[in-house]
Amino acid sequence: MTPKEAELLLPDIRNDESLWNQFSFSPFKDKDGSILDKNSNARYALIIALQYNWSTSDEKLLRFIVQNEVKMHQKASGLLYSLHISTYLLAKYKNLENVFLFFEAKEANFDTYCGLDIEKVFSAGVQKTIEYLKQSTNPVSLRILERVDGSIVDDYLDEERLRDWFEEVARAYPDTVEKERRITLIDRAITFKEFQTGRILVREWFNDHLNQDYEKGNEFIQKSNLANIVGRAKVLGDFSLAIDAQKIALKLCDSPFDRISKTQTLAELYRLSGSLLKAWTELKNCQPDLEIYKGWNTSGLGRFVITTALQLSLDCDKNDKIKSEAFYWAHMLISQSRFITLVIFELAFEAASAINNSELMTQYEILRDNEQKRLEDMLASLHPRNNLGEDSQSQ
């Protein structure tokens, strides 16, 4: 379901609560064992539809949505826009009774605790909420008062700040799509798999970037915009645009670390686009800076370079000389590195097998298996068997 589809369904959803179940928290486990929600995107689409069509009659529906957003966030880390927007839309009602739901949302997980605005808990009014909590028989009231009394309220939050907050958030989550930031619309296009729309928007953003005159000293903003354009274009499958933007970003680099990072990203973009020769040519350009920046061999930066080289080797045809060149270069970098990951050992084993180097294939098979065992032993130590409990039961 997309936001446009949710908006078309909105009159029926408002009139028939039996339709709400399709937006409830519906957990399932992915292949990694993480708990996901199969209705999260549909619920997010409905939240966006309500953002642009907020009504004084939708409070019950929004409470239902926030309750299910809280359930989802309690089962996973992170803080999604869906919770940000839905709690703001509910806060607009300024209903004192919602204070406990807002506090539950705030405490759903570590990220919500840190990132969800405390103003939502007091959205009905700072002093009104405090008085309401003092008179409430709900046991959570005391916890909320203990959390904020003498700190947040005294030092930060008052009625004026609450009014300013409502104005700030109204700008962040406007009531029409025309007022939305372009990056928000691009991210939504990615979320709802509207890739053609997303590609159009990100190309417009890149063209605006090319036509913009950045004042001296604003290099950070320029680099940030380019990084966002590259990242979104890559996700949207527009590798040509991502490559063009990354080339500009590479010219702005002023340190060996940055040049290695941007060059590796450019090589990876070429690899993903199928231009393997260009990918290899760019990746080899990292070598001079690897000799200057001595910390590459203990950092993630070095592991990224090695991973791209191994994946490039595996992508090449059997008779392509890049296949062996990329592998042996990666092998050299591995030999100079520390903290090599299991994924890299697995890729190196596959790449050595693909070029029929039995000696290195055996070497990486051993390294892979040893690292796998080390990780399994480490996990086992974190979850030791309760021998006392087992012995007690056997007796």
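The values are calculated or read from the model by the stated rules, or taken from the named source; none is laboratory data. Computed from a prediction, not measured in an experiment: that's the story for all the values here. Backbone-built Cβ (ideal geometry, glycine too); neighbour counts: all protein chains shown. The area values use the complete protein model at the heavy-atom level, side chains included, leaving out ligands, DNA and RNA. Shrake-Rupley method; radii C 1.70, N 1.55, O 1.52, S 1.80 Å.
Values [x] 62; [y] 18; [z] 46 are given for comparison; percent of Cα pairs over 36 Å apart, derived from the coordinates here, is the one labelled [z]. If you sort Y293, Y156 by accessible surface, 1.4 Å probe, largest first, the order is Y156, Y293.
Once you reduce region 169-212 and region 52-125 to the center of their Cα atoms, the two points are 24 Å from each other.
Per residue, the solvent-accessible area of the chain (1.4 Å probe, heavy atoms of protein chains only, all protein chains present) comes to 55 Å².
The lysines whose alpha-carbon is closer than 29 Å to the alpha-carbon of K29, local same-chain residues fewer than 8 away aside, are K4, K38, K71, K75, K106, K193, K234, K373. For region 29-138, the square roots a ≥ b ≥ c of the C-alpha gyration tensor eigenvalues yield an a/c of 1.5 or more together with a/b not exceeding b/c, which makes the shape oblate. Bridging of K278 to aspartates and glutamates at a Cα separation below 12 Å is possible for E268, once same-chain residues fewer than 8 apart are set aside. Using the rule -39500 (n - 2.57) for each DSSP H run of four or more residues, divided by the residues of the chain, the 222 nm mean residue ellipticity is -21500 deg cm²/dmol.
For the set I292, I229, I118, solvent exposure ranked by accessible area (probe 1.4 Å, protein chains only) runs largest to smallest as I292, I118, I229. Scanning the chain for long hydrophobic helices, with DSSP H runs required to stretch 27 angstrom or more by C-alpha along their axis and to average at least -1.0 on the Kyte-Doolittle scale, returns 358-382.
The residue list L266, A170, Q67 was ranked by how far each Cα lies along the charge dipole of the chain toward its positive end, using unit charges on Cβ atoms, and L266 comes out on top. Each residue, R203 and D175, gets one label point 7 Å from its Cα in the Cβ direction; the gap between the two is 3.5 nm. For the pair D30 and E5 in one chain, pulling the backbone fully straight at 0.36 nm per residue adds 6.3 nm over the alpha carbon distance. In a reduced charge model with +1 at each Lys and Arg Cβ and -1 at each Asp and Glu Cβ, region 1-153 shows a dipole moment near 120 debye about its Cα centre. If only the Cβ of Lys and Arg carry +1 and only the Cβ of Asp and Glu carry -1, the dipole of the chain around its Cα centre is close to 700 debye. Estimated at the nearest 10 Å², the accessible area of L333 is 0 Å² with a 1.4 Å probe. Taking F100, F339, F239 as the candidate residues, the one with maximal mean-square fluctuation in a Gaussian network model of the chain, Cα springs under 10 Å, is F339.
Residues Y113, Y81 ordered from highest to lowest accessible area at a 1.4 Å probe: Y81, Y113. Of the residues L8, Y88, Q372, the one whose Cα sits farthest towards the positive end of the charge dipole of the chain is Q372 (charges of +1 on Lys and Arg Cβ, -1 on Asp and Glu Cβ, taken about the Cα centre).
Starting from the Cα of N95, step 7 Å along the direction of its Cβ; do the same at R338; then give the gap between the two resulting points in nm. So the two model labels end up 5.8 nm from each other. Its Cα centre serving as origin, region 268-386 has a Cβ charge dipole (Lys and Arg +1, Asp and Glu -1) of approximately 200 debye. For region 258-395, what class follows from the C-alpha gyration tensor (a ≥ b ≥ c being the square roots of its eigenvalues): rounded when a/c is under 1.5, otherwise prolate if a/b is larger than b/c, else oblate? Note, shape of region 258-395 comes out prolate. Rolling a 1.4 Å probe across all protein chains gives D213 an accessible area of roughly 140 Å². T298 contributes an accessible area of around 60 Å² to the protein surface, as traced by a 1.4 Å probe with all chains present.
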